[in-house]
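Q: Mind having a look at this structure? Questions to follow.
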Amino acid sequence: MALSREQIAQRVANELKDGYYVNLGIGIPTLVANFIPDDIEVMLQSENGLLGMGQFPTEEEIDADLINAGKQTVTMAAGASVFDSAESFAMIRGGHVDLTVLGAFEVDANGNIASYMIPGKLIKGMGGAMDLVAGADNIIVTMTHASKHGVSKLLKNCTLPLTGKGCIKKVLTDLAFIEIKDGKFHLLERAPGVSVEEIIKLTEGELVVTGDIPEMKL
Amino acid sequence: MAGFDKVVSSYEEAMAGLTDNMTVISGGFGLCGIPENLISEIKRKGTKGLTLVSNNCGVDDFGLGVLLPNRQIKKIVASYVGENAEFERQMMAGELEVELTPQGTLAEKMRAGGAGIPAFFTATGVGTPVAEGKEVRNFNGRDYILEEAIVGDFAIVKAWKADRYGNLVFRKTARNFNPLAATAGKITVVEVEEIVEVGELDPDQIHTPGIYVNRLIQGTFEKRIEQRTTRPADPQAVKGV
C-alpha cells in the first residue's frame, strides 16, 4: 500500500535527531511536526522569521502578528526567538539549519529539483525554497512517486524549471525511500506491501536495487 | 524646529512626493506586518507605473492587491505571488511584469541596498531560471551568482511601536521584511500602532534606529489573517504544528 500523507510525515520524523534545528516546508512536510518523538528535542524554523515554532493557537491565543511561512497562525514554543527575513536566510544560507524537508513536482537522478512553477499553468513563485535547497546539506524531499496517471516524478532529467541544481540526496515518496548519488537513484526502503518491481516501473531515472530492500518501519 | 521629530500628521503628508514610475519597497509577509494605511494612501493618490518590491502582492481586496484593479503597478519583484486572482490575470495577459526572486535573495537585496553594498554573490538560484543573464563566479569550488542590491524611491514600513525620533520596535513575525525595507528607501515612511515620547523606549530593545526613518505616523490596523488555523482548547487534543 502506498503511504498516506501522514505516514510519509511519520517516516520523515524517524530521521529527526535530538537537538536538530529543522525547517519544514508547506504541505506534507508541515505534518512532520505532529510526529516528533517525545524523547528528543527539535526546534522548528519558519523562514518568515521564527525559530521555535509552537503548536497552532487556541481560538483565544490567535495573534495576527504571529504566523508561519505558510501564513497559518501559530504560537511560539518556550525558547523561541523572532528576527527579520535577512537574519532568517542567513541561518538557512549559512548552513545552520540541520534538516530541511520540502515538497517537489519533480526530482531527477542528478539531484535536481523542480518545485515552483509549471509554465503556462501555475506561477506562484519559489518563496524560500531556492534558498533552502542551496543552503542546506541535509534535505529530504517528500512527494508522490508518480502522478495519478502513473507518470513518474523521479526522472532522468527534470522537465520543469529548476528550483535547485544537484542539491537533493534523499527523497521519500509514498512508495519508497530513495538516495541519490553518482547520477542514479538508489532504493533504500519500500513502503509496506509495495514491491520492488512496482517501484522500478514508476521510476523513470535509473534505479539501483542492491540486495533485499527492507520495508519501512513506521 | 523639528529636529529629529519624524511624526507627520496625515497620510497625505506621509506619502507626499510619490510620483508615477517610482520604485516602492514594502515590508510585510503575506498580510502579516503590512503597512495597510500607506498602501491605501497610494491607492487614493492613484500613482501609476509603480515598481513594487515586496515578498508578496497581498490578496484581491487587501494589502498591495488593492493597487491592481486601477493598474497602478507596472512591475513587481516578489518571491511568492499566489492567492490573488487579479494578479494572475494581469500577469498572464502580459499587463504586469513579474520578477520572481528567491525570498532570501530578496531580503539580502534590500539589506545590501540599505547598507551601501551594490551587489553580492549567492549560491541561491544557481542553475535555475533565476541565474539567467547573471555573472557566475566560483569560490572554493562552488558556483555563485551575482545579485544586485535594491534601493527604493520610497520604502513603506509597518512597525509596532516607535518614539518620535523614529526608533522602531517590531512585534513577533510582523517584523519580517520591515527592518530591511526601512534601510533601503530614499524616503522611508513608517506607520505604527503607538508613538511614545523620546526616552521611553529602552535603547537595548530598539530593532531599527531612527536614522533610517524619514516620516512616521500612527495608524489603526485591521490586521487581516490569511490562514486562521487553531487547535481545540482541550489540552488532551492532538498536538498541532
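Read-outs throughout are calculated quantities, based only on the coordinates presented, and are distinct from any laboratory measurement. Just so we're clear, the structure is a prediction, and the values are computed from it rather than from any experiment. All Cβ positions, glycine included, derive from the backbone under ideal geometry; neighbour counts span all protein chains shown.
Q: Do you know the relative contact order of chain B, to the nearest whole percent, from alpha carbon pairs under 8 angstrom that are 6+ apart?
A: Over chain B, the number comes to 23 percent.
Q: Any chance you could check the Cα centroid distance between segment A:108-155 and segment B:88-162 for me, in angstrom?
A: Segment A:108-155 and segment B:88-162 have Cα centres spaced 21 Å from each other.
Q: Then there is this: Calculate the all-directions average of the projected area of chain B's alpha-carbon convex hull, and give it in nm².
A: If you wrap the Cα atoms of chain B in a convex hull and average its projections, you get 16.8 nm².
Q: Could I ask something else about it? Plugging the Kirkwood radius over Cα pairs into Stokes-Einstein for segment A:132-211, at a temperature of 20 °C and a viscosity of 1.002 mPa s, what D comes out in µm²/s?
A: Approximately 164 µm²/s, per Stokes-Einstein.
Q: I've got another one for you. Using only the Cα atoms of segment A:90-139, build the gyration tensor, take square roots of its eigenvalues as a ≥ b ≥ c, and label the shape rounded, prolate or oblate: rounded if a/c is under 1.5, else prolate if a/b is larger than b/c, else oblate. Can you show the working numbers first?
A: Details: a/c = 2.91, a/b = 1.63, b/c = 1.78.
In terms of gyration-tensor shape, oblate.
Q: Defining a contact as two alpha carbons under 8 Å apart and six or more residues distant in sequence, what relative contact order in percent does chain A show?
A: Details: 479 pairs, mean separation 42.1, N = 218.
Relative contact order comes out at 19 percent.
Q: Mind sorting B:Leu180, B:Leu216 by how few other Cβ atoms lie within 10 Å of their own Cβ, fewest first? Write down the numbers at each step before the final one.
A: Numbers: B:Leu180 29, B:Leu216 26.
If I rank by nearby Cβ atoms, fewest first, I get B:Leu216, B:Leu180.
Q: Just to confirm my numbers, what's the Cα centroid distance between segment A:163-180 and segment B:1-29 in Å?
A: 47
Q: Could I ask something else about it? Please give the average number of partner chain Cβ atoms lying within 10 Å of the Cβ of each residue in A:67-78, rounded to a whole number.
A: 6
Q: Of B:Val126, B:Met110, B:Leu100, which is farthest towards the positive pole of segment B:98-138's charge dipole, taken about the Cα centre with +1 and -1 on the beta-carbons of Lys, Arg and Asp, Glu respectively?
A: B:Met110
Q: Listed here are the pairs A:Lys124/B:Lys45; A:Lys121/B:Lys109; A:Lys71/A:Lys121; which of them are more than 27 Å apart at the Cα?
A: The answer is A:Lys124/B:Lys45; A:Lys121/B:Lys109.
Q: Average partner chain C-beta neighbours within 10 Å, per residue of A:112-118?
A: Whole-number average of other-chain Cβ neighbours for A:112-118 is 2.
Q: Could I ask something else about it? Cα atoms only, chain A: Rg and Dmax in Å?
A: When restricted to Cα atoms, chain A yields Rg and Dmax of 17.4, 55 Å.
Q: If you don't mind, there's one more thing I want to ask. Please express the Cα-Cα pair-distance distribution P(r) of segment B:55-169 as a list of whole percents, one per 5 Å bin, running from 0 to the bin with the greatest distance.
A: Spelled out bin by bin, segment B:55-169 gives 2, 10, 16, 18, 17, 15, 12, 6, 3, 1 percent.
Q: What do you get when you divide the Cα radius of gyration of segment B:1-120 by 2.2 N^0.38 Å, with N the number of residues?
A: 1.10
Q: What average count of beta carbons from other chains do you get within 10 Å of the Cβ of residues in A:44-51?
A: 5
Q: Separate question: Net charge near B:Val196, counting Lys/Arg +1 and Asp/Glu -1 over other residues with Cβ under 9 Å of its Cβ?
A: So the surrounding residues net to -2.
Q: Helix-only estimate, please: 222 nm mean residue ellipticity of chain A, summing -39500 (n - 2.57) across DSSP H runs of length 4 or more and dividing by its residues, to the nearest 500. List each step's numbers first, then the result.
A: Working: 5 runs with 35 residues, N = 218.
Computed ellipticity for chain A at 222 nm equals -4000 deg cm²/dmol.
Q: Averaging the inverse of every distinct alpha carbon separation and then flipping it gives the Kirkwood radius. What is it for the protein assembly as shown, in angstrom units?
A: Taking the inverse mean of 1/r over all distinct Cα pairs, the protein assembly as shown comes out at 23.0 Å.
Q: With no solvent and one equal point scatterer placed on each C-alpha of segment A:1-46, evaluate the Debye formula and give log10 I(q)/I(0) for q = 0.28, 0.30, 0.34 Å⁻¹, two decimals.
A: Each listed q maps to, in turn, -1.05, -1.17, -1.35.
Q: What is the sum of charges, Lys and Arg at +1 and Asp and Glu at -1, for the other residues whose Cβ falls under 10 Å from the Cβ of B:Ala112?
A: -1
Q: What lysines does A:Lys201 reach when the alpha-carbon gap must be under 26 Å and sequence neighbours fewer than 8 apart in one chain are set aside?
A: A:Lys148, A:Lys153, A:Lys156, A:Lys165, A:Lys169, A:Lys170, A:Lys181, A:Lys184, A:Lys217
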